[in-house]
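Asks: Got a structure for you, questions after.
Only the coordinates and a few stated rules stand behind these numbers; no lab work does. Everything numeric in this text was worked out from a predicted model, so none of it was measured. Quick reminder, even Gly has a Cβ in these numbers, built from the backbone with ideal geometry, and neighbours come from all protein chains shown.
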Amino acid sequence: MATQEKDKKLEIINFVSETNDSGLINAIHEFLQDFTRHGDFWEDLSDNEKTKIEEGLEDIREGRITPHEEVKEKYGL
């Protein structure tokens, strides 16, 4: 395991052990339960959703994108 990863783990452990924010502790706990229960979100997606994501990633790789600022300007945002 890389040193950076170990440092991150220790930082998380220290942060959680030092906080008194029960809302934060509950949110972290809930996140961890959901994450371990569901694992990789990819497995929860339908085949159609996976296909659309892959198509979007291919569009990005091929440069078929429109910059955010251009879209905002086009729609007056």
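Asks: How long is the gain from Ile25 to Tyr75 if the chain were fully straight, where each residue apart is worth 0.36 nm and the alpha carbon distance is subtracted? Don't skip to the end; give the middle numbers.
Replies: Values: separation 50, 0.36 × 50 = 18.00 nm, distance 4.13 nm.
Full extension from Ile25 to Tyr75 adds 13.9 nm.
Asks: Let me ask something else. Hey, how many Å between the Cα centroid of the range 5-30 and the Cα centroid of the range 37-77?
Replies: Each part reduced to its Cα centre gives a spacing of 31 Å.
Asks: Still on this model: Convert each backbone phi in the range 42-57 into a coupling constant with the Karplus relation 6.51 cos²θ - 1.76 cosθ + 1.60 (shift: θ = phi - 60°), then list the ³J(HN,Hα) values in order as whole Hz, x for Gly and Pro.
Replies: Coupling constants for the range 42-57: 4, 5, 8, 7, 6, 4, 5, 4, 4, 4, 5, 5, 4, 5, x, 5 Hz.
Asks: Moving to a separate point now. Among the chymotrypsin sites (Phe, Trp or Tyr not before Pro) in the chain, which ones are in a DSSP loop with at most 10 other Cβ atoms within 10 Å of the Cβ? Mind listing them?
Replies: Numbers: sites: Phe15, Phe31, Phe35, Phe41, Trp42, Tyr75; in loops: Tyr75.
Sites meeting the loop and neighbour criteria: Tyr75.
Asks: Determine, for the chain, the count of lysine pairs separated by eight or more sequence positions (or lying on different chains) whose alpha-carbon distance falls under 30 Å. All intermediate terms of the calculation are to be shown ahead of the outcome.
Replies: Numbers: Lys50/Lys72; Lys50/Lys74; Lys52/Lys72; Lys52/Lys74.
Within the chain, the lysine pair count is 4.
Asks: Moving on. At a Förster distance of 30 Å, what's the computed FRET efficiency of Glu55 paired with Leu32, Cβ-Cβ distance as r, to 0.05?
Replies: Details: r = 32 Å, r/R0 = 1.07.
Computed FRET efficiency for Glu55 and Leu32 comes out at 0.40.
Asks: Ok, one more. Excluding Leu77 itself, what net charge comes from residues whose Cβ is under 13 Å from its Cβ, given Lys and Arg +1 and Asp and Glu -1?
Replies: Details: positive: Lys72, Lys74; negative: Glu69, Glu70, Glu73.
Net of charged neighbours comes to -1.
Asks: Follow-up. For the chain, what is the charge dipole size about the Cα centre, in debye to the nearest 20, if Lys and Arg each add +1 at the Cβ and Asp and Glu each add -1 at the Cβ?
Replies: Roughly 160 debye, rounded to the nearest 20.
Asks: So how long is each side of the chain along the principal axes, counting just the alpha-carbon atoms, biggest first, in Å?
Replies: Principal-axis extents of the Cα atoms in the chain, largest first: 48, 33, 29 Å.
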